[in-house]
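The values are calculated or read from the model by the stated rules, or taken from the named source; none is laboratory data. On a predicted model such as this, the values are computed, not experimentally measured, just so you know. Counting neighbours? That spans all protein chains shown, and the Cβs are built from the backbone with ideal geometry, glycine included. Calculation scope for accessible area: heavy atoms of the full protein, side chains included, ligands and nucleic acids excluded. Shrake-Rupley method; radii C 1.70, N 1.55, O 1.52, S 1.80 Å.
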Amino acid sequence: MAIKTVLRMGDPRLLEVAAPVAAFDAPELHGLLLDMRDTMAALSGAGLAAPQIGVGLQVVIFGVASNPRYPDADLVPDTVLINPVLTPLSDEMDEGWEGCLSIPGLRGLVPRYSQLRYQGFDQFGNPIDRTVSGFHARVVQHECDHLQGILYPMRIRDMSQFGFVEELFPDNPPVAE
Ligand code: NI
């Protein structure tokens, strides 16, 4: 399909609440996912939400394979998650560095729930139900925030921990998201 332009912070479409997908295993949905995969791969992202390419539907993709640049990052399976429901399993939160393809060049320290259950569907309508923690849980929360019109800087508690990646991490930038 095609590599799409990723909307950048400031575009009002990134602040909208996305609508649920009604028709699974449909050509429009498969086409959207091809565009999202092409776009995420071209930008070496760890995840992408449909609103980031201007489509206001509850569709996210994510996945982190083994990467020698990021030896400490957990592996996250390639996942298509549609109409997600997230349920934190405790009040425990962790702070971790995040980036976003809609906010290129920056990173921020963001609190996220440490453990959560996520449910939803793949593009064929098959149910997904996983309990995850750590980096996997962080990626899911970041991507699903996009469906609520929330960008990670809105969750940063200490704005001194927000800046350009080259300045924050001159030697070893953390994984992008
Ligand atoms: Ni993002």
| query | Under the Karplus relation 6.51 cos²θ - 1.76 cosθ + 1.60, θ = phi - 60°, what is the ordered set of whole-Hz ³J(HN,Hα) values for segment 148-165, x standing for Gly and Pro? | reply | 9, x, 10, 9, 4, x, 5, 9, 5, 8, 10, 5, 6, 9, 8, x, 6, 4
| query | How large is ³J(HN,Hα) for each residue in segment 5-10, as worked out from phi by the Karplus curve 6.51 cos²θ - 1.76 cosθ + 1.60 (θ = phi - 60°), to whole Hz, x for Gly and Pro? | reply | 6, 8, 5, 10, 3, x
| task | Please report the relative contact order for segment 12-168, taking Cα pairs under 8 Å with a sequence separation of at least 6, and give it as a percent rounded to a whole number. | result | 25
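Show me the ranking of peptides 150-162, 46-58, 96-108, 112-124 by mean Cβ neighbours inside 10 Å, starting with the highest. Mind showing how you got there, number by number?
Values: 150-162: 14.5, 46-58: 22.3, 96-108: 20.6, 112-124: 17.8.
Result, highest mean first: 46-58, 96-108, 112-124, 150-162.
What number does segment 12-168 give for Rg over Rh if you use C-alpha atoms and the Kirkwood radius?
Values: Rg = 15.1 Å, Rh = 16.0 Å.
A ratio of 0.94.
Give me the percent of accessible area attributable to carbon and sulfur for the chain, probe 1.4 angstrom.
Values: 4660 of 8830 Å².
Here carbon and sulfur together make up 53 percent of the probe-accessible area.
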| task | Could you do me a favour and compute the accessible area per residue for segment 71-144, 1.4 Å probe, result in Å²? | result | 44
| task | Work out the FRET efficiency for ALA19 and ASP129 from their Cβ-Cβ distance, taking R0 = 22 Å, and round it to the nearest 0.05. | result | 0.50
